[in-house]
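Let me begin by presenting the structure, written as structure tokens, before commenting on it.
The values are calculated or read from the model by the stated rules, or taken from the named source; none is laboratory data. Not measured: the values here are computed from a predicted model. Glycine also receives a Cβ, built like all others from the backbone with ideal geometry; neighbour counts cover every protein chain displayed. In case anyone asks, the SASA skips ligands and DNA or RNA and just uses the protein heavy atoms, side chains included. Shrake-Rupley method; radii C 1.70, N 1.55, O 1.52, S 1.80 Å.
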Amino acid sequence: MRTVLAQRLSRLGVETAFAVSDDARAWAAQGHTIYPFHLGDMNIRTPLHIIEAAHKAMLDGKTGYCPAAGVPELRAAIAEDAGRNRGVTFSMENVSVQPGGKPVIGKFLMALMQEGDEVFYPNPGYPIYESQIFFLGGRGIPYGYTMTPGGFRIDRDRIEHAVTPRTRIFIYNNGQNPLGAESDDDEMEWLARFCIEHDLWLLSDEAYFHIRYSGKSRSIVSLPEMQERTVILDAHSKRFAMTGWRLGAAIGPKDVVDWISKLNVNQESCTNHFIQYAGIDALKNGEAGTREIVKTLKERRDVLAAALRAIRGVEVYVPEITFYLFPDITDVYRRRGIKDRQEFRKDALRKTGVSFCSRSHFGRAAPDEPRTYIRFAYSGIDSDKIREGIGKLKAYWES
Ligand code: PLP
């Protein structure tokens, strides 16, 4: 039978970073040592009390369906936690539990984006925004960042030139993957004014809100008039080292959240029942666990940053949030004379075992982007291996 696939599939993207995993796995299968800096997964175990809470919930019979919007106790716990940490008030009616943070992206767009609507999204950025915007019939308008002494900053000029009456949505990832970018007060206030002036909805992806090494995370919902036009992507994944458990939430105005829960009814019925009880336990008793996770990550960040800075021609800004570094390796790239960025990545893998993502795994680079960057995730590799791997990379790149 001839397979005629739905046309919309041609607009669906993927996380091309998974192709980097395949390359790394294939290289490891040939007996080589790999230093995995490519995927944002974690090699840190979920705190034991959370595992025990899931086990107890299973034994207690929390193994059937549950409400599509989530178990009421979890919705209430997420509302309390999210409100307290952001200086605002949410009730459980503002929370729709999801199987991970990622599903919030598509469901938010399904609920609020008309076909042909323009949607701002970050590039470089988490690739699922672009995939879902185009898949669902929107027009994605990428926005970039510029490097400053205070870190990466949103390119406001481009955004102000690109906005049109068809623009309806802004996707904002503060604590940004892959850049580690974070808004200062001025930038966040500018963005809030921009959204209000152009009457935009905002998806605030706060997946890394709690992966913070100094200072305090701030959410744009705390600014006047923003709570009513913002849906937060919240997730247990990184905060409690629960990436594979699949637990997150959409937090926002009740009418939108109700529709997101109706999408749950149509898609997965409900998020895994017993895992929601583990999620409640994580929020109630997980603070010490998060502190440990963040402490481990901070040590790795410092080891990685120092090792990268020791390589001739590498410059790296060290953010206080996320578990990514996004070094500028333009000089190394030029020196090595490899013209293709994927070839450059594979060359490093084959010669040193160090596996990282390139800029192009986070959206197409604009033709006028002058510098070359790569992304290192340090959530899945221990400090001694970081030292060893980056030591090999230094020896190779400086040879
Ligand atoms: N948003 C960003 C920016 C991410 O980097 C990720 C995961 O890497 C997600 C959302 C999705 O997180 P989850 O694993 O909770 O679905």
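A few remarks follow.
- Being of a type in the set (Phe, Trp, Tyr), more than 20 Å from Cys357 (Cβ to Cβ) and either at pLDDT below 95 or open to solvent by 30 Å² or more (accessible area, probe 1.4 Å) (or both) is not true of Phe120.
- Of the residues making up the range 123-150, just one is over 19 Å from Ser358 (Cβ atoms) and within 12 Å of the ligand (Cβ to nearest atom), namely Gln132.
- Close Cβ contacts (under 6 Å, 6 or more residues apart or on different chains) running from residues in the range 134-161 that are on the phi < 0 side of the Ramachandran plot to residues that are open to solvent by 40 Å² or more (accessible area, probe 1.4 Å) and of a type in the set (Asp, Glu) comprise Gly140/Glu130.
- When residues in the range 288-318 are screened for being part of a loop (DSSP other than H, G, I, E, B) and either surrounded by 19 or more Cβ atoms within 10 Å (Cβ to Cβ) or of a type in the set (A, V, I, L, M) (or both), 5 of them pass.
- Some residue of the range 77-86 being outside any helix (DSSP H, G or I), open to solvent by less than 10 Å² (accessible area, probe 1.4 Å) and at pLDDT 95 or above: no
- Being open to solvent by 20 Å² or more (accessible area, probe 1.4 Å) and either out of contact with any Gly (no Cβ under 7 Å at 6 or more places or on another chain) or not in a strand (DSSP E or B) (or both) is a property that holds for Arg371.
- Residue match in the range 30-50 (condition: closer than 30 Å to Tyr277 by Cα, more than 16 Å from the ligand (Cβ to nearest atom), touching a helix residue (DSSP H, G or I) at 6+ places or on another chain (Cβ under 6 Å) and modelled with pLDDT of 95 or more): yes
- From Ala192, Ala282, residue being buried (at least 24 other Cβ atoms within 10 Å of the Cβ), touching a residue at least 12 places away in the same chain (Cβ under 8 Å) and aliphatic (A, V, I, L, M): Ala282
- Considering residues of the range 235-292 that are within 24 Å of Gly175 (Cα to Cα) and aromatic (Phe, Trp, Tyr) only, the residue farthest from the ligand (Cβ to nearest atom): Phe240
- Checked against the criterion of being in a helix (DSSP H, G or I) and either in contact (Cβ under 8 Å) with a residue 12 or more places away in the chain or surrounded by 16 or more Cβ atoms within 10 Å (Cβ to Cβ) (or both), the range 203-214 has no qualifying residue.
- Breaking point among (1) at pLDDT 95 or above; (2) open to solvent by less than 90 Å² (accessible area, probe 1.4 Å); (3) farther than 30 Å from Leu308 by Cα, for Leu9: (1)
- Residue-level analysis places Ser217 outside the set of residues that are more than 15 Å from the ligand (Cβ to nearest atom) and among the small types (Gly, Ala, Ser).
- Residues of the range 87-108 that are part of a helix (DSSP H, G or I) and open to solvent by 10 Å² or more (accessible area, probe 1.4 Å): Met92, Glu93, Asn94, Pro103.
- Positions within the range 319-339 being within 22 Å of the chain's Cα centre (by Cα) and open to solvent by less than 30 Å² (accessible area, probe 1.4 Å), in sequence order: Pro319, Ile321, Thr322, Phe323, Tyr324, Leu325, Phe326, Pro327, Asp328
- Taking the conditions (1) surrounded by fewer than 19 Cβ atoms within 10 Å (Cβ to Cβ); (2) farther than 21 Å from Phe323 by Cβ; (3) under 22 Å from the mean Cα position of the chain (by Cα); (4) of a type outside the set (D, E, K, R) in turn, Gly150 satisfies each one other than (2).
- Residue that is most open to solvent (accessible area, probe 1.4 Å), among those in the range 215-254 that are of a type in the set (Ser, Thr, Tyr) and part of a loop (DSSP other than H, G, I, E, B): Thr243
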